[in-house]
1. With θ set to phi - 60° and the Karplus curve 6.51 cos²θ - 1.76 cosθ + 1.60, what are the ³J(HN,Hα) couplings of the range 91-106 in order, to the nearest whole Hz, using x for Gly and Pro?
2. May I ask for the angle, rounded to the nearest 10°, between helix 58-68 and the longest principal axis of the chain, with both axes built from Cα atoms and the value confined to 0 to 90°?
3. Test of the criteria: in the range 177-216, which trypsin sites (Lys or Arg not before Pro) are in a DSSP loop and have at most 10 other Cβ atoms within 10 angstrom of their Cβ?
4. Express as a percent, rounded to the nearest 5, the fraction of DSSP beta bridges in the chain (both residues included) that run antiparallel.
5. Within 10 Å, count the other beta carbons around each residue, average over each peptide in 15-24, 153-162, and list them highest first.
6. Pop the C-beta distance of D107 and D141 into the FRET formula with R0 = 22 Å and round what comes out to the nearest 0.05.
7. Which cross-chain or sequence-distant (5 or more) residues have an amide H under 5 Å from the amide H of I223, H modelled 1.01 Å from N in plane?
8. Could you give the length gained on full extension between E171 and F208, defined as 0.36 nm per residue of separation minus the Cα-Cα distance, in nm?
Amino acid sequence: MQNMRMGKKTLKAFVCWSGGKDSALTLYRAKKEGVKVMYLLNMLAEDRKFSRSHGLPSGILREQAERIGIPILQCPSSWKEYERKFKDKVFELKKEGIDAGIFGDVDLEEHRKWVERVCRDTGIKPLLPLWGEDRERLLKDFIKVGFRAILVTVNLKFLDERWLGREVNQEFIEDLKTLGGIDLCGEKGEYHTFVFDGPIFKEKLKFFPGKKIFKDNYCFLEIKKPFFFEGGDGA
């Protein structure tokens, strides 16, 4: 695991938050190492209704943050303006004493270079607690410590829509292994997840699955709240 300490100083950090398994495990490990996680930073699509990375409703992501007990900052952006908007938000966080950014990347070098460049340009320390670890070991650790997640997005080039809604468990790992050519952690974009319970949660997040939505080469599972929520993006 990457060193998450800065001498005797307690690091104050934000987590780059997708609502999925990697950001959840990253947050869990950072907290265990004594990092003070002040915010979850989540990038949204321009309409503010869904997350830019996983397509999760913005309201559901706020529900996650409430049950975790860490404030979430949601920043709308196009892909074209993504880096500039992300940096602007980090500069704002620096004024509040944030020292570091925590990211859930595993081994895509292109992603690591982006993280390191953004952190260098904004003057914060990059932390990647999952970097370089074995894929199967990461998934098993995620399950072992008590996290629960389901698949909410699949790339139809790799997995069909029947995988949507499946829980990340040992059976899921074994079934993925039989397919061959699939990154177990979905690092090539094969799938994305939604975490609804685990050791970072004060209480389980209640939800129910909606319809399946096909767009380009992807299929998304609607995630809905079990009650009407004023503002309703994701109700």
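1. Per-residue couplings from phi come out as 4, 5, 5, 4, 5, 9, x, 5, 9, 8, x, 10, 10, x, 5, 9 Hz.
2. With both axes taken from Cα atoms, the answer is about 60 degrees.
3. For trypsin sites (Lys or Arg not before Pro) across the range 177-216 that sit outside H, G, I, E and B with at most 10 neighbouring Cβ atoms in 10 Å, the list reads K202.
4. 55 percent
5. For the peptides 15-24, 153-162, the packing ranking is 15-24, 153-162.
6. Plugging the Cβ-Cβ distance into 1/(1 + (r/R0)^6) gives 0.90.
7. Residues meeting the amide H criterion: G210.
8. Full extension from E171 to F208 adds 11.2 nm.
None of the figures in this text is laboratory data; all of them are computed from the coordinates on show. Since this is a predicted model, take the numbers as computed values, not measurements. Glycine also receives a Cβ, built like all others from the backbone with ideal geometry; neighbour counts cover every protein chain displayed.
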